[in-house]
Structure formats: C-alpha cells, structure tokens
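Here is the structure we will look at, set down as structure tokens.
The values are calculated or read from the model by the stated rules, or taken from the named source; none is laboratory data. Just so you know, these numbers come straight off a predicted model, no measurement behind them. Positions of Cβ are backbone-derived with ideal geometry, glycine not excepted, and every protein chain shown enters the neighbour counts. Side chains included, ligands, DNA and RNA excluded: accessible areas come from the protein's heavy atoms. Shrake-Rupley method; radii C 1.70, N 1.55, O 1.52, S 1.80 Å.
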Amino acid sequence: MASVMRRSSLAQAATERKSMLLRPKMTLLRMPGLTALPMERRPVAVAPSSAMPELPARSSLVCHAAAASVPLPGSDSAPQPNVLFAKIRAIMFFAWSFLLSLPLFVTMMVMAPLVLAFDKYRRLAQHFVNNLWACASTAPFYKVTIIGRENLPPPDKPVVYVANHQSFLDIYSLFHLQRPFKFISKTSNFLIPIIGWSMFLTGHVMINRVDRRSQLKCLQQCRDLLAEGAPVLFFPEGTRSLDCKMAGFKKGAFSVAAKAGVEVVPITLLGTGALMPSGKESQLRPGQVTIVVHKPLPASKDADKLCDAARVAVASSLPPELVGSATEMAPDEQ
C-alpha cells in the first residue's frame, strides 16, 4: 500500500513540474511604494522600416495647412490633396477661363480705340472687363473672402498696392477687390494668347526682371501712371514663393511711392499657394482664398521706412511659419 502511494505521489509531482514548464514566463513590475505585480511578457511586432509611410515635403504641407486653417505639421496632420482630382479641376478651370476670355477679348478690341482716345492711362472700361473675367473664372472653383474692404482707397485715387506672392491665382483673386490697378508682370506673360493680349490692352506693365534697363523703364512707367491717377500693384518679393513663405521685399515699389508722394496699401493673400502651388499649375486643389486689406501707410519720402512698415503689415496676417527672413530675397526671374 505504501509503495502504491509513493508511486502516486511521484506521478503527481512530475505532472506539476511539467505544468510549470509549459506555463508562460512572468516578469515582475516593480514600482516604488507598490507591491510587485506580475506581468506576462508578450512579443511585440515591429514593422520593417520600408513599411513606414513616407511623409510629403514640409513646404507643400505648410502651404496646404495655411489655406485649410489646420495645424501645421512636424506631424502628418495636414490633409493631403487628391492629385488626379486636382489635375482635373485645373484643366476645367483653365478651359473655363479661356472660353470666357474669348468674347470678352473681342469686346475689349472693339472698345480699344475709344479707350485709348479718352482714357489712355486708367482704361476703366478695359479693367471692368478684366474684373468680370476674373470673378466669373474663379466663382465655380473657389470662394474669395475680403477682410478690411473698408481700408480700400476710392477707385480713382492713385496709390501703390503691395501684396505677398504665392501663386498664379493671386491676380485672379486680387481682381475681386474691384480696383482699377495696373500690375507688373514679366514680359513672357504678355505673349500668352488672348489673356496676355488682354493684359496689354488694359495697360498693365511688363518687365524683364534681369534687365536693368527694363526695370528702370517699368518704374518710370509706374510713376507716370500714378501721376495720371491710375493706381499700381506690386508684388515686392519679385516672384512667386515655392514654399508659400514670404521672402524679403525689394525696394522698387516703395521707391515709386516715395517719389510719387502716394500712400502704400499693404495686402495679405492667404490660401492661393495651397490651391495652386507655384510650380504646380497643373493642379487646382479645393479650398478658399482670403484677402486682408490693411490700413494705408501715409505717404513718405523714406522708401526704406515704407518697405519695412508694409512688410510688417502683410506679415501680421500670415501664420508665423509662412513669414521668411526679411533679408532673404527671392531669386530674379526672367
């Protein structure tokens, strides 16, 4: 009987040892002031580095976040556009804009002799057609909101408007201000069929930015326009920003204002660079544009003072991430 009980005891002990071996390993979590708690050690799956999604370039996220009014990322919080959808929208936008320009250009051609005879400098009739074309072109694709419209001078007051430059859409959007300004554009834009020719008929100012004589001629033409009562519009960065960050302001616009003795009206554009980034004119993303019109700066003979004050005003409505160094100038573009 004793031997039977001994064998039963040995079998039970062997079973317990086997059960201990099959049991998962346990570690003790020790925390100050607490009794150690057992925690089961579990394997953790780690994704290979090749499986990690690649984040898009920060500059495109900064532009898109600015228009969408969402947090700027070091993270991936900004929504990403559908590229195919954006390209389809761009094709539709340019096709619609071009179709609109055809009858309007004919109208401008018919009016041209009378406009040149009676309104050579301001060309209000031609500018009215420009406004109609730009507003009708943008209406189906994005909304333009204007803040500070009360700061706009009367249409017949000669002033210098200055704005940051993010996108091909900037001019389309600024026509919503309904002011008969003449803007400065590179010579090649005037060669674009219909649209470029319309710019010529309206009396906008052409410039070759790398030709010193062209620059001087442009500035003199702007002074002549102001003397005749026509306001002018400058993008003092000189060209469009690739990452939507505002570059330093060049002094040409403010030299013209100082010599002409006219006010400077700073304007901030928000969202155009997110809708159609510079260098990606084949895409038109969803969104909206906001234009902030700041209070006019009093006339001054000090061009440097006007330049600094205007840049501060424009920057005041931009997110800090979109304000670059005041001393870092954009490269010249032909």
How much of the accessible area of the range 274-334, probe 1.4 Å, is carbon plus sulfur, in whole percent?
55 percent
Can you send over the solvent-accessible area of D302, 1.4 Å probe, protein chains only, in Å² to the nearest 10?
70 Å²
Using only Cα positions of the range 116-190, each an equal point scatterer, no hydration layer, compute I(q)/I(0) via Debye at q = 0.11, 0.16, 0.24 Å⁻¹ and quote the log10 values to two decimals.
-0.31, -0.67, -1.44
Cα-based shape type of the range 214-256, given that a ≥ b ≥ c are square roots of the gyration tensor eigenvalues and the cut on a/c is 1.5:
prolate
Once the Cα atoms of the range 236-334 are picked out, what are the Rg and Dmax in Å?
14.3, 43
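Going by average Cβ neighbours within 10 Å, how do the peptides 305-317, 244-256 rank, with the highest at the top?
Order by mean packing, descending: 244-256, 305-317.
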Sort the range 81-322 into rounded, prolate or oblate with this rule: let a ≥ b ≥ c be the square roots of the eigenvalues of the Cα gyration tensor; rounded if a/c is under 1.5, and if a/c is not under 1.5, prolate when a/b is larger than b/c, oblate otherwise.
oblate
Leading residue at positive end of dipole, the range 81-322 (Cβ point charges), from V292, F128, T187
T187
Given unit charges at Cβ for Lys, Arg (+) and Asp, Glu (-), the dipole magnitude of the range 81-322 about its Cα centre in debye, nearest 20, is 280 debye
Go through H294, H127 and list them by solvent-accessible area, largest first, probe radius 1.4 Å.
H294, H127
Report the full-extension gain for the segment A136 to M92: residue separation times 0.36 nm, less the Cα-Cα distance, to one decimal in nm.
14.5 nm
Label-to-label distance, nm, for residues given as F118 and L100 (7 Å Cα→Cβ offset):
2.7 nm
Counting only heavy atoms of protein chains, what accessible area per residue, in Å², does the range 175-292 have with a probe of 1.4 Å?
36 Å²
Of K259/K305; K251/K301; K157/K295; K217/K305; K87/K280, which ones are farther than 18 Å apart at the Cα?
K217/K305
The range 163-250, Kirkwood Rh and Cα Rg, ratio Rg/Rh at 0.94
Order by accessible surface, 1.4 Å probe, largest leading, for residues F235, F200 comes to F200, F235
When every protein chain stays in place and a 1.4 Å probe is rolled, I195, I207, I291 sorted by accessible area with the largest first are I195, I207, I291
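Would you mind getting me the FRET efficiency between N82 and M109? Use the beta-carbon distance for r and R0 = 51 Å, nearest 0.05.
With R0 = 51 Å, the Cβ-Cβ based efficiency is 0.80.
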